[in-house]
Every structure is written in C-alpha cells, then in structure tokens.
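Chemist: Input: one structure, supplied below.
The values are calculated or read from the model by the stated rules, or taken from the named source; none is laboratory data. This one's a predicted model, so the numbers in the text were calculated from it and none came from an experiment. Every residue, glycine among them, receives a Cβ derived from its backbone with ideal geometry; neighbour counts consider all protein chains shown.
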Amino acid sequence: MSEDKRLQCAIYTRKSTSENLEMAFNTLEAQREAAELYIRSQGWLLRPDRYDDGGFTGANMERPALQRLLQDIEDGKVECVVVYKVDRLSRSLLDFARLIEVFDRKGVTFVSTTQQFNTAQSLGRLVLNILLSFAQFEREMISERTRDKMSAARRRGKWTGGQPVLGYRVDHEGCRLEIVPEEAEQVRAIFQLYRCLYSVQQVAKQLRSLNWTTKVFTAKNGRSSGGKPWDPTSVHRLLKNALYTGKVTYQGKSYDGEHPSIIDTKTFEQVQALLAGKSRGRGPHRGRNPEYLLTGLLSCPGCGKPLTTTSGRGGKGSHKDYRYYVCRTRQSQGHEVCTGVRVPAAEIEQAVLGRLREICAEPETRADVATRMRAGHSLVSAELTAQRALVQREIDALTAEGRKLVAAIGEMQGTGGPLVLTHLSEIEADIARQQSKLDDVDRRMHGLAEATEHASTALGLLESFDDVWNAMVPEERVDVVHLLVNSVRVDPAAGKLELHLHDLADPFPPVSDLAQQVEVPS
C-alpha cells in the first residue's frame, strides 16, 4: 500500500457504561476527536458514518455499532479502522483474533491512536496481542474487585442494590433500605395469615380476594415491574426472606443489616418451623404418602399435568375421610385455565390394581410383557452403542485435526496466524459439544443397565403379585406400583383408563365402563 493512498477511514468508539453519555462532550466524543486529529495528520479521508457504542461491554461482539462497522467492511466501504485504544474495539483475545481475520481478508488496516504499531508486521501483531491480553486481564481483575466489594458490603449488612421487596424502598442518598409503612402492614398481615391458615395456597387465595399485589417497582429508566396477583410461590418466597428481620444473608450466613426490621425474630422463626414441618410431614401435599398409591403416575386429560392429592370429610355429622386425585392446574390457577378432573382415590386405585392382577394372572400376558421389555432393552442398547461409536469417531477426527493445526502454527509465517487460532478455537468448541453428547450417551447407557435390573425385578413380581402384595406394608405397596407402572391416564368422562407399564411403547387395553366404576363428583 503506497504512502500517498488516501484511505477511507472509520472511527470506532466505545464506553462500557451509559453514565454521562448525555453530556455534550463525553468520552465517546473525546475518543473521536483524538482519532480525527490522527486521520488528518496522515492525510487520510474520514467517512461521515459514526460507529459509537455507548453502554456496551467489550467482552463480547454483541454491539450494534460494531456490527454495522463489520457490515460496511464486508461491503468494501471501509479501508482503515481507527480507535483510541485497542481495548475500545475488544477486550477478548479470541474476539479480537476474529476481527483481525476479517480485517486481513478485506485488506483493512487497523490503527490505535495512542499505541503505535503496524498490523501488517509480525512484531506489530505480537504487540497487539500483548496489549489485548493485558486489557482482558484488567477486565477480569475489575470483575474480581467488584465481587469482593459486594461481598464485603454484604458482610457489613449493607444494601448492595437490586429490586427492593414489599415493605421497603431504597433511600438513594444513603444507599440503604427504609420502611414503607403501608406495605410493612401488608407484610405483617401475610405472616399472621400463614400462622392462622398454615397453607401458602390459602394465603395466596386470601390476598387475591383482597386485591393485594406483589411489590410495584419503578427503575431509574421509568420501567415498572411487579404488581402481579399473589400465588403460592411468591407467598413462600416472602415468608422465607430473612431481610424482614433486619438481617442480610450472604453465602448461607446472616449478618445484621443497616435497615430496620418489619418482623420480629420470634415470629419469623415460628413461621420457618411451620414451613419446615410442612416439608417433612406425611400429608397428601408433602412427598409420597403411602395412602395414595398412584401419586406421580396420574395425569389430567385436559392439561396433561400430573394430578395432585387432597382429602375431605363427608357431609354434616360424617366422620369418614374421602381421598381424591385432582388437577393441580385447576387448583392453583382456576377452572378458567383447565376444567380439570377430580377422581376418588379409592376407586381409581382399585381399578389399577385390578388391571395389574389381570396381567399377573395370565401366563400369556406375562410372557408378552417379558418379551416386549427385553426387546425394548435390546433395541435401545443397540441404538445407544451405535450413537456412542459415532460420537467417539467425531471426537477422534476433531482431535486429529486440532493436532495438525497446533503443529502448523509453529511453521507459519505472515498473517495467517489469527485465522488458524480462530479455527482451532472452533474445533475446541466442537470437541466440547461432542464430549457433552458422549457424556449424555454414557449416562443413558448407565440408566439402561439400571433399567434392565429394574425390569428383572418387575418380571419377578408379575409371577407372584398377590402373595407379595398381601405381605407388604403401605410404603412397600407404593414402591411396587411405581416399579411396575410408568403412567396412568384417566378420563372419567370418556370412561377410559390407560395403564402404561415401564418400557412398553403401547398402553395395555383401557378399562371399559370406567365412568360406571368411578363416580366423579360434580
């Protein structure tokens, strides 16, 4: 390239944050002014288009002005890119190598006004990579210092930012939380409601009836969030938040906060004990209850979600409890979302057990089950083995190609180095993806081995179901049902019950006249 050639230059500027960008002369203008002076000193031509990225990090290439610049380079409109410093273009060594590859392919010169070097020479490229490495190191150090500062602030009980919870607002001058009296009263009422109702679902229902909503928060940019109806998850999150006791939690530990408390420690601990007791209990909503044989196996014909369990007392004067499987979606979101089903547990369990007994009592059916189970395992095993071999061959081929490129880097001269480095990084990414696939296949093969043992146990149970069943306690009966049955689809309105055993592609024939066997209350 001759010295008298007047290059078409583009100036690229960047600032990591949007702070002070509204000023007439900000850092982007300062970068541009320095670049314009340099271009005039060289006698080059400046393109009128501006490429300014204000408020964008240099750690990646997801920047609108940079993408426009790359497109103009591809279109042949730019012959030289001028920046104030190298790290304005990128702080990532890998991203910078890709950019230099684009510049080389299109014959574009790269200039930094404060760091003099020539990218057409090997020494200039070495200096460039060293500068970029330090820029990336500086970015990582800034991130570590920020994390350390946030950790120290948390341990001292300071508010470190984010969206405040119901009951508090942010005092921006003091950078701390202060109480919103009317919201604080709502928080105290929610804690009191839970102590009375002992159910987050019932609390959420009461809050919706009062037309109370979650915290409404407006950010500095005017964007609002929150203000949604309460649901069990949001109630549970509020009840678990130690912030209301004047504490700040960090990495599992609590520290005295600078903000005032809304809930006293005794009340908070009582609520935590109630929540913990619910999770450890044996009621219908707390894990696998041996009273319900089909927990986790039944699904709603309307929304397809698993049915949950509930119970209720009979009419006035009755002391009999009735158990039901009900649609979880209807319970939590209402019949407008899903009309759902409500099936008496005793009747549906007897229907399933009756079908299992029929399967176990018929030698031909047991033999069919055994054949289909073993055939399914053989088919899946062969498929997984073939998949593993294919993925391993791909990894071996990529590894060999990578070794060739590594050997070639030491022999290369000129400007091809960055292109090879970029290709090598792509190969490494492909190997990582293939290794992830290989790990997934290995996990599935391990699961298949466990399933084979599982099927053998299930086949043994089929031959002596009644004898084994009568000798079991309720918890063991639940385990046996889950060992044999993969899923149950029930549609009382259509009178259908589909029983799917493990590892079978097709369900066993539906129970006929189920609507007569299982009375579905209105």
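Chemist: Restricting to the stretch 263-300, name every residue that is at pLDDT 60 or above, not polar (S, T, N, Q) and not in a helix (DSSP H, G or I).
Modeler: 263, 264, 290, 291, 292, 293, 294, 296, 297, 298, 300
Chemist: Hey, another quick one. Can residue 93 be described as modelled with pLDDT of 90 or more and either under 25 Å from residue 19 (Cβ atoms) or aliphatic (A, V, I, L, M) (or both)?
Modeler: So residue 93 does not fit the description; no.
Chemist: Out of 43, 58, report the one residue that is buried (at least 19 other Cβ atoms within 10 Å of the Cβ) and among the small types (Gly, Ala, Ser).
Modeler: Among 43, 58, only 58 is buried (at least 19 other Cβ atoms within 10 Å of the Cβ) and among the small types (Gly, Ala, Ser).
Chemist: Which of the numbered conditions does residue 4 fail, given that it passes all the others? Conditions: (1) within 40 Å of the chain's Cα centre (by Cα); (2) of a type in the set (D, E, K, R); (3) modelled with pLDDT under 90.
Modeler: (1)
Chemist: All but one of (1) touching a Lys or Arg at 6+ places or on another chain (Cβ under 9 Å); (2) more than 19 Å from residue 201 (Cα to Cα); (3) at pLDDT below 80 hold for residue 346; state the number of the condition that does not hold.
Modeler: (3)
Chemist: Additional query: Of (1) surrounded by 14 or more Cβ atoms within 10 Å (Cβ to Cβ); (2) in a helix (DSSP H, G or I), residue 37 satisfies all except one. Which?
Modeler: Of everything listed in (1) surrounded by 14 or more Cβ atoms within 10 Å (Cβ to Cβ); (2) in a helix (DSSP H, G or I), residue 37 misses just condition (1).
Chemist: Right, next: Within the stretch 174-190, is there a residue that is closer than 22 Å to residue 245 by Cα, modelled with pLDDT under 80 and loosely packed, with under 15 Cβ neighbours inside 10 Å?
Modeler: Taking every residue of the stretch 174-190 in turn, at least one turns out to be closer than 22 Å to residue 245 by Cα, modelled with pLDDT under 80 and loosely packed, with under 15 Cβ neighbours inside 10 Å.
Chemist: Among residues belonging to the stretch 9-29 that are surrounded by 13 or more Cβ atoms within 10 Å (Cβ to Cβ) and among the hydrophobic types (A, V, I, L, M, F, W, C), point out the one that is farthest from residue 70 (Cα to Cα).
Modeler: 21
Chemist: Among the residues that make up the stretch 47-67, is at least one of them out of contact with any Leu (no Cβ under 6 Å at 6 or more places or on another chain), assigned to a helix (DSSP H, G or I) and among the basic types (Lys, Arg)?
Modeler: The answer is no, given that none of the residues of the stretch 47-67 is out of contact with any Leu (no Cβ under 6 Å at 6 or more places or on another chain), assigned to a helix (DSSP H, G or I) and among the basic types (Lys, Arg).
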